[in-house]
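The structure under discussion appears below in the form of structure tokens.
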Amino acid sequence: MTREEIFAQLYSSAEVYPPPLEHRSALLEVTVGCSYRKCRFCDFPRDGFRIFPLSEIARKIELLRLVIDGNPKLHLLGCNPFCLHYKQLHSILEMIRDRLPCVREVSMYARADDVLRKTDEELKELAQLGLFSLHIGLESGSNAVLELHNKGETAEDIEQALVALDRCGIHYHLTAIPGLGGSELSREHAVRTAALISRHTPLSVWCIGLKIWPNTPLDQMVQEGTFTPLSWEEILSEERQMIAQIKPRLPFLYVDSTVLGQYTIAAMLPDQQESMLNQIDLLLNP
């Protein structure tokens, strides 16, 4: 069997979507879609949600053995595989440890409530089995923004989850969405998101400018006039306000791959914070 044939059996779609910072990680598909599927800004609900049986995951691990080439990092695919029950995750991590001994760090996407459904003892056990980091969809530090988009969890829930991960030795990356508050909540979104990030210790913060996906609840809100989207320039201005107010407890990588709809910016904060703000100013005032 060729490598191309192996990869064709590993993934249910020709396109997979790991976080940018996992571009060098090996990839193992364990779920498809999001278990929540109610955020108003998101188009994932149309994809459905599926959990692969353990027997299928075991088969894919055996295939991955043939092409992993000693890669020490493995990312579990799916919008939030950490929604799986502790026992399921325990079994998957045990299989990875036993059949892919080169893997030292396992990562995956998670919602805050996925974390909060697990005890400290369970989180610590998963960490011991190789769970290194979770990519948490923060989206916003503002409860008003989270409620507007039916996120299904509060800023306090997210902070409680991050504290639990700190306590149990699991690292985390945060994802935020500049523009998510629209013009109505733009300042609150920037200020409260910066404040939440400043209270915690992410390995990275990845930002994605808001896109209005057709036929989503947010698209309908725009058409009804209950949400006023920002232009790309206004989104970047809001993001600049947020970056300027972040006071990192520990250094972390900040990345936005959607600046003005065409650029990527990246910097280590706080060391390169001022330089990043200057670069943003040049983009806003060429």
Filtering the stretch 203-217 down to residues that are out of contact with any helix residue (DSSP H, G or I) (no Cβ under 9 Å at 6 or more places or on another chain) and open to solvent by less than 70 Å² (accessible area, probe 1.4 Å), which residue is nearest to PRO18 (Cα to Cα)?
-> ILE208
When the stretch 78-91 is examined, which residues are found to be crowded, with 24+ Cβ neighbours inside 10 Å and under 16 Å from VAL103 (Cα atoms)?
-> LEU89
Restricting attention to the stretch 236-286, which residues are crowded, with 16+ Cβ neighbours inside 10 Å, in a strand (DSSP E or B) and of a type outside the set (Phe, Trp, Tyr)?
-> LEU253, VAL255, ASP256, THR258, VAL259, ILE265, ALA267, LEU269
May I ask you to list pairs of residues, at least six apart or on different chains, whose Cβ atoms are under 8 Å apart, with the first in the stretch 76-93 being on the phi > 0 side of the Ramachandran plot and the second being acidic (Asp, Glu)?
-> GLY78/GLU29
Considering the stretch 103-127, residues that are open to solvent by 40 Å² or more (accessible area, probe 1.4 Å) and assigned to a loop (DSSP other than H, G, I, E, B), and then whichever is nearest to ALA176 (Cα to Cα), we arrive at ARG117
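If you go through the stretch 41-56 one residue at a time, do you hit one that is among the hydroxyl-bearing types (Ser, Thr, Tyr) and either without any contact (Cβ under 8 Å) to a residue 24 or more places away in the chain or more than 29 Å from LEU116 (Cβ to Cβ) (or both)? Working first, answer last.
Going through the stretch 41-56, the residues among the hydroxyl-bearing types (Ser, Thr, Tyr) turn out to be 55.
Applying the additional criterion that residues be either without any contact (Cβ under 8 Å) to a residue 24 or more places away in the chain or more than 29 Å from LEU116 (Cβ to Cβ) (or both) yields 55.
Yes, some residue in the stretch 41-56 is among the hydroxyl-bearing types (Ser, Thr, Tyr) and either without any contact (Cβ under 8 Å) to a residue 24 or more places away in the chain or more than 29 Å from LEU116 (Cβ to Cβ) (or both).
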Got at least one residue in the stretch 40-50 being open to solvent by less than 70 Å² (accessible area, probe 1.4 Å), under 26 Å from THR175 (Cβ atoms) and among the acidic types (Asp, Glu)?
-> yes
Breaking point among (1) in contact with a helix residue (DSSP H, G or I) (Cβ under 7 Å, 6 or more places away or on another chain); (2) within 30 Å of GLN220 (Cβ to Cβ); (3) of a type outside the set (Phe, Trp, Tyr), for VAL103 | (2)
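So is ARG40 farther than 20 Å from GLU94 by Cβ and not small (Gly, Ala, Ser) or not? Don't jump to the end; show me each part of the working.
Values: farther than 20 Å from GLU94 by Cβ: yes; not small (Gly, Ala, Ser): yes.
In short, yes.
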Every residue from the stretch 130-141 that is open to solvent by 20 Å² or more (accessible area, probe 1.4 Å) and over 16 Å from the mean Cα position of the chain (by Cα) | none
Give the residues of the stretch 158-185 that are under 20 Å from ARG249 (Cα atoms) and either open to solvent by 30 Å² or more (accessible area, probe 1.4 Å) or at pLDDT below 95 (or both), sorted by residue number.
-> GLU159, GLN160, VAL163, ASP166, ARG167, GLY169, HIS171
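Can you tell which of THR228, THR216 is polar (S, T, N, Q) and at pLDDT 95 or above? Spell out how you get there, then give the answer.
Working: THR216 fails: at pLDDT 95 or above.
Result: THR228 is the single residue among THR228, THR216 that is polar (S, T, N, Q) and at pLDDT 95 or above.
Do the conditions hold for GLY182, that is, is it in contact (Cβ under 8 Å) with a residue 60 or more places away in the chain, among the small types (Gly, Ala, Ser) and not in a strand (DSSP E or B)?
On the way: in contact (Cβ under 8 Å) with a residue 60 or more places away in the chain: no; among the small types (Gly, Ala, Ser): yes; not in a strand (DSSP E or B): yes.
Spelling it out, it is not the case that GLY182 is in contact (Cβ under 8 Å) with a residue 60 or more places away in the chain, among the small types (Gly, Ala, Ser) and not in a strand (DSSP E or B).
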Across the stretch 87-133, the tally of residues that are of a type in the set (Gly, Ala, Ser) and over 23 Å from HIS23 (Cβ atoms) stands at 3
Would you mind telling me which numbered condition in (1) open to solvent by 50 Å² or more (accessible area, probe 1.4 Å); (2) modelled with pLDDT under 95; (3) not aliphatic (A, V, I, L, M) GLU188 fails?
-> (2)
Please work out which residue is nearest to the chain's Cα centre (by Cα), limiting yourself to the stretch 220-235 and to residues that are among the polar types (S, T, N, Q), open to solvent by less than 90 Å² (accessible area, probe 1.4 Å) and over 10 Å from GLY179 (Cβ atoms).
-> THR228
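The values are calculated or read from the model by the stated rules, or taken from the named source; none is laboratory data. None of these values were measured; they are calculated from a predicted model. Positions of Cβ are backbone-derived with ideal geometry, glycine not excepted, and every protein chain shown enters the neighbour counts. Calculation scope for accessible area: heavy atoms of the full protein, side chains included, ligands and nucleic acids excluded. Shrake-Rupley method; radii C 1.70, N 1.55, O 1.52, S 1.80 Å.
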